[in-house]
Structures are given as structure tokens and as C-alpha cells.
1. Would you please name the residue that is nearest to the ligand (Cβ to nearest atom), looking only at residues in the stretch 292-305 that are outside any loop (DSSP other than H, G, I, E, B) and open to solvent by less than 70 Å² (accessible area, probe 1.4 Å)?
2. Exactly one of (1) open to solvent by less than 40 Å² (accessible area, probe 1.4 Å); (2) farther than 23 Å from Phe59 by Cα; (3) more than 7 Å from the ligand (Cβ to nearest atom); (4) modelled with pLDDT of 95 or more is unmet by Lys279. Its number?
3. Out of all the residues in the stretch 40-83, which are of a type in the set (D, E, K, R) and without any contact (Cβ under 8 Å) to a residue 60 or more places away in the chain?
4. Within the stretch 80-112, work out how many residues are out of contact with any helix residue (DSSP H, G or I) (no Cβ under 7 Å at 6 or more places or on another chain), more than 14 Å from the ligand (Cβ to nearest atom) and open to solvent by 60 Å² or more (accessible area, probe 1.4 Å).
5. Which one is nearest to the ligand (Cβ to nearest atom) among residues in the stretch 262-276 that are surrounded by fewer than 18 Cβ atoms within 10 Å (Cβ to Cβ) and without any contact (Cβ under 8 Å) to a residue 40 or more places away in the chain?
6. Could you please let me know if Val155 is within 20 Å of Ala60 (Cβ to Cβ) and either in the same structural domain as Pro120 (by TED's automatic domain parsing) or modelled with pLDDT of 95 or more (or both)?
7. If we keep just the residues of the stretch 1-23 that are of a type outside the set (A, V, I, L, M) and in contact with a Phe, Trp or Tyr (Cβ under 9 Å, 6 or more places away or on another chain), which is least open to solvent (accessible area, probe 1.4 Å)?
8. So Ser237 passes all but one of these: (1) free of Cβ contacts under 8 Å to residues at least 60 places away in the same chain; (2) open to solvent by 40 Å² or more (accessible area, probe 1.4 Å). Which condition number does it fail?
Amino acid sequence: MAIQDQILNEIKKFKTIIIHRHKRPDPDAIGSQMGLAQLIKGSFPDKTVLCAGKQYESFAWLGTTDEITDEQYKDALVIVVDTANQPRVDDERYTTGKELIKIDHHPNDDQFGDIMWVEPESSSTSELIYDFFDANKDQLTLPAEGARLLYAGIVGDTGRFMYPSTSPHTLEVASKLATYDFSTSEVNKIEDEIDIPLARLSAYVYENLNILDSGAAYLVLSNKVLEPFKLGDESTSAVVPLPGKIKQVVSWAIFVEQKDGSFRIRLRSKGPEINELAKQYGGGGHPLASGAVVEDEDHIKDFVKDLNDLVAKNK
Ligand code: AMP
């Protein structure tokens, strides 16, 4: 039986379905979570469909998460979307349901769930949720709001259809979603907009980025640097793609200091695959977008050296 049919069968069996996504969400995490919720609600109005995880004000335009009691998990089907590693799942109760399904597009480094549907070639988990709908179109109904959410997820994870993960199929899915009753340009506009503090931080990034001869680049955003910008940790995500706009930059790391003094590494590349390097530092991710955490500034030096070597070797 095709995996999409198996997933649909499980959804049909349960009265309560709880959908989780990863911590520190991005538009694909929320778009695939809430988009799937809309799809299930639109198709089976009698089911209770709940979305778990912390609510972020900046993502209110994509919907709101639900208050869920421990009791509600007891007989529930739990679906975790867009989350490769179990420690990254937002809300630890994801293991307390009756059954667990993983739907994701990251490399399947941490296998979990009774059913796993993982397609690392897919641009986004939102694209996969559309594929799930498409495979069972005769039995499912996607409301326009669901289409808007999935479109937002695809736009987010493809960098507005710019990254190499954007396949002909991605564009086909986007064009089908665009036939629904919502404004694609409004979604594009919201995802592209930044507020003034972020504009100022963008200027800082361009001003202070260290660009090495190899094409590796890096920047440390310490708490001291970030403090005057009055931004939350989440806001740094909007500046992560910026170094890639510079022609000479091939792969880059932005180190964001955390409250405990450690540094979250946000690693990106236009060519050389950097996820193995992220793994060496206890992280992981996609070949061109990964992350990890290092303890202190000494480890930053080691990481930059390794990144420089990797990029130089690939030149
Ligand atoms: P981010 O820079 O947080 O957007 O992360 C980019 C990608 O790297 C994510 O999609 C994750 O798959 C992966 N990633 C980031 N941080 C970690 C981590 N600490 N451990 C494993 N994977 C990570």
C-alpha cells in the first residue's frame, strides 16, 4: 500500500489528531502543520484536529496553536511534521499519543514513528502535504486557507523559489495552490517584509561579515551586539540568507549567542554540502542549510577553520 494511503487510513481511524512541528518554527513548519490541520478538518469535519507548540506573535498570520490537555493525547494520533530530530519537536508530549507518524523532508537521520514518510528531495514539508492531498484527492477536501498555508510553507523553504530544492514539481504544486481563493502576492509580501530593527541588523551583517579568500564567510552575533537592536532570537532568521547575496560568498555561518553563553550556528551554502560538518559538531540538517550548537568562542574558531577547509577543498 502506498505510504500516503497508509497515512490516510490512520487518520480515518482516529477521532483526535494532534499535529506537532519543530521548535523555533519557520513558515514551512507552521504551514505544513496548520495546512495539514486544515486539510483534515476540511475533509473530516467531525474529527478534533489540534496543533501543538509555542505560539509566536510574528506567525499569527499563519494561525494559532491550541491548548491541549494530557488527556487529549491518550487516544490520539500524533503527526510530527518537518522535524528531523526528536529533541527538536516542540512539546515533548508527542510520544504520549496512541500512534505516531513522522512526515518530513530533511535527511532521515533520526528515525521515529510507527509510520515514517520522509522525502529529502522535496522542497518543503508543505509540498509533501500537498502531495498527500493530491494522492487522495477523491477522498479529501483542501480549503482555501489550507492552500494558503501550504503555499506560505513552500515560499518560505525555497527562499521564494530560489534555492536548488525548487523542482519542476515544486512549481507545479505552487501553481495548483495558487488557483485557490487567497492572495499569493500577499503571502509573498508578508514573508519578504522586515521591520526597522531587522533592517538595521541587516546593515550590521553586511558591514561586519568576515569573508575569507576561500569564499567561506562568518559573523558572530553576540548578545552584546544584538542587545541594541532589541530583537528576539527568532528575528535573526531573516538575516541568515543575506551573506548568500554576495557573489564571492560560497558557504557561511552565523553564530548567534544564546542566553547560556553557547552559540547556535546557522550554516548555509550555495554549493559545498555542509550538513556533515554540522553533524561533526553535534548538529545536522540539509546539504545546503544546517545548524549546530558550539559551547564557546574557542569552538567558533575551530568551526570557522573547518568551514574554511571544506570550502577551499571544494573550490
Ligand atoms: P536553521 O538555521 O535553524 O534554520 O536550521 C537550518 C536547518 O538545520 C534546519 O532545517 C535543521 O534541519 C537543521 N538544524 C539546525 N540546528 C540544528 C541542530 N542543533 N541539530 C540538528 N539539526 C539542526
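1. Applying the first criterion (outside any loop (DSSP other than H, G, I, E, B)) to the stretch 292-305 yields 292-294, 297-305.
Filter once more, keeping what is open to solvent by less than 70 Å² (accessible area, probe 1.4 Å): 292, 294, 299-300, 303-304.
Details: Ala292: 5, Val294: 10, His299: 14, Ile300: 15, Phe303: 13, Val304: 17 Å.
The qualifying residue nearest to the ligand (Cβ to nearest atom) is Ala292.
2. The failed condition is (1).
3. Pass one, the stretch 40-83, residues of a type in the set (D, E, K, R): 41, 46-47, 54, 57, 66-67, 70-71, 74-75, 82.
Result: Asp46, Lys47, Lys54, Glu57, Asp66, Glu67, Asp70, Glu71, Lys74.
4. Residues meeting the conditions: 4.
5. The first filter runs over the stretch 262-276 and keeps only residues surrounded by fewer than 18 Cβ atoms within 10 Å (Cβ to Cβ), leaving 262, 270-271, 273, 276.
Next cut, without any contact (Cβ under 8 Å) to a residue 40 or more places away in the chain only: 262, 270, 273, 276.
Working: Ser262: 11, Lys270: 15, Glu273: 13, Glu276: 12 Å.
My answer is Ser262.
6. Details: within 20 Å of Ala60 (Cβ to Cβ): yes; either in the same structural domain as Pro120 (by TED's automatic domain parsing) or modelled with pLDDT of 95 or more (or both): yes.
Yes.
7. Our first condition is that a residue be of a type outside the set (A, V, I, L, M); within the stretch 1-23, this holds for 4-6, 9-10, 12-16, 20-23.
Checking the rest, the ones that are also in contact with a Phe, Trp or Tyr (Cβ under 9 Å, 6 or more places away or on another chain) come to 4, 6, 12, 16, 20.
Working: Gln4: 38, Gln6: 63, Lys12: 88, Thr16: 27, His20: 0 Å².
The residue in question is His20.
8. In the conditions (1) free of Cβ contacts under 8 Å to residues at least 60 places away in the same chain; (2) open to solvent by 40 Å² or more (accessible area, probe 1.4 Å), Ser237 misses (1) alone.
The values are calculated or read from the model by the stated rules, or taken from the named source; none is laboratory data. Predicted model, so just to flag it, every value in this text is computed and none were measured. Note that each Cβ is placed from the backbone with ideal geometry, even for glycine, and that neighbours are counted across all protein chains shown. In case anyone asks, the SASA skips ligands and DNA or RNA and just uses the protein heavy atoms, side chains included. Shrake-Rupley method; radii C 1.70, N 1.55, O 1.52, S 1.80 Å.
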